[in-house]
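Let me begin by presenting the structure, written as structure tokens, before commenting on it.
The values are calculated or read from the model by the stated rules, or taken from the named source; none is laboratory data. Predicted model, so just to flag it, every value in this text is computed and none were measured. Cβ: placed from backbone, ideal geometry, glycine included. Neighbour counts: every protein chain shown. The protein model used for the area step is the full one, side chains on, heavy atoms only, and it has no ligands, DNA or RNA in it. Shrake-Rupley method; radii C 1.70, N 1.55, O 1.52, S 1.80 Å.
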Amino acid sequence: MTLAARVRALDLERAGADLDAQGFTTFERLLGTSECRALVALYGDAERFRKRVVMAQHGFGEGEYQYFANPLPETVAELRSLLYERLAPIANGWSEALGSRLRYPARLAEYLARCHAAGQKRPTPLMLKYESGDYNCLHQDLYGEHVFPLQLTVLLSQPAQDFTGGEFVLTEQRPRMQSRAAVVPLARGDAVVFAVRERPVRSRRGFYKVQMRHGVSRLRSGHRHTLGIIFHDAA
């Protein structure tokens, strides 16, 4: 199947229910092995990226990541555009549930035009590289006034074969309660879609916000690469 066919075939009814219930959902084998390997091979090509960040220098954890430069690699650009269209209705449902008048346009190009008009013009899709002992602290990917409420991570390496440890972790901070954590198991090519900052939770009195953060636990061995797709651009 082409990438477009795979995205069209995604069960968004199930995904929407997962996101409403727990703030994340997974899609198995969204990218094939050859697509994952091709993306990993780009990491050493500095011309494909606009910025490299060494996490330890900023207190973000251990490891590094690079933001892609425009034009984005074809697979990344296509996945970002196609998935935005599928996720925009869920994002609008969340906005409505939280009582906001903000609505997200049906096409990524329209949303990016909104970001660019506000000064958020730098592309945010990125690749992350971890080695033994590396980890990513819990965080939120916020780059300016405009924030699309969902984002995507695709695991490009094979657990147990390429690395051990390095689990994807989410936490949820509920009002007047202790935080709740979830560990999301992924295989190579699997994707997790999750809340960037907050999500609505239904109560007897309507909806309230819970804060979400994500990170990666410490690698015990090997090398781990991931693709991150954030739909808003950066200031």
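Summary of values
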item	result
Residue satisfying condition, being closer than 23 Å to V216 by Cβ and either out of contact with any His (no Cβ under 8 Å at 6 or more places or on another chain) or at pLDDT below 95 (or both), within set R86, R14, R50	R50
Scope segment 26-52; condition open to solvent by 80 Å² or more (accessible area, probe 1.4 Å) and within 21 Å of Q151 (Cα to Cα); matching residues	E28, R29, K51, R52
Positions within segment 156-174 being crowded, with 18+ Cβ neighbours inside 10 Å and hydroxyl-bearing (S, T, Y), in sequence order	S157
Some residue of segment 166-182 being closer than 24 Å to L3 by Cβ and in a loop (DSSP other than H, G, I, E, B)	no
Positions within segment 115-143 being assigned to a loop (DSSP other than H, G, I, E, B), surrounded by fewer than 18 Cβ atoms within 10 Å (Cβ to Cβ) and out of contact with any His (no Cβ under 7 Å at 6 or more places or on another chain), in sequence order	G119, K121, S132, G133, Q140, D141, L142
Segment 59-78 residues that are under 15 Å from H139 (Cα atoms) and open to solvent by 20 Å² or more (accessible area, probe 1.4 Å), paired with ones that are of a type in the set (S, T, Y) and part of a strand (DSSP E or B) (beta carbon under 7 Å, 6 or more apart)	E62/Y135
Top-ranked residue in segment 198-223 [being over 16 Å from the mean Cα position of the chain (by Cα) and within 25 Å of E35 (Cβ to Cβ); ranked as most open to solvent (accessible area, probe 1.4 Å)]	H223
The listed residue being over 16 Å from R224 (Cα atoms) and either modelled with pLDDT of 95 or more or of a type in the set (V, I, T) (or both), out of Y130, Y143, Y135	Y143
Subset of segment 175-197 that is among the charged types (D, E, K, R) and without any contact (Cβ under 8 Å) to a residue 60 or more places away in the chain - its residue that is least open to solvent (accessible area, probe 1.4 Å)	R197
Tally, over segment 24-63, of residues that are under 16 Å from the mean Cα position of the chain (by Cα) and more than 21 Å from L3 (Cα to Cα)	1
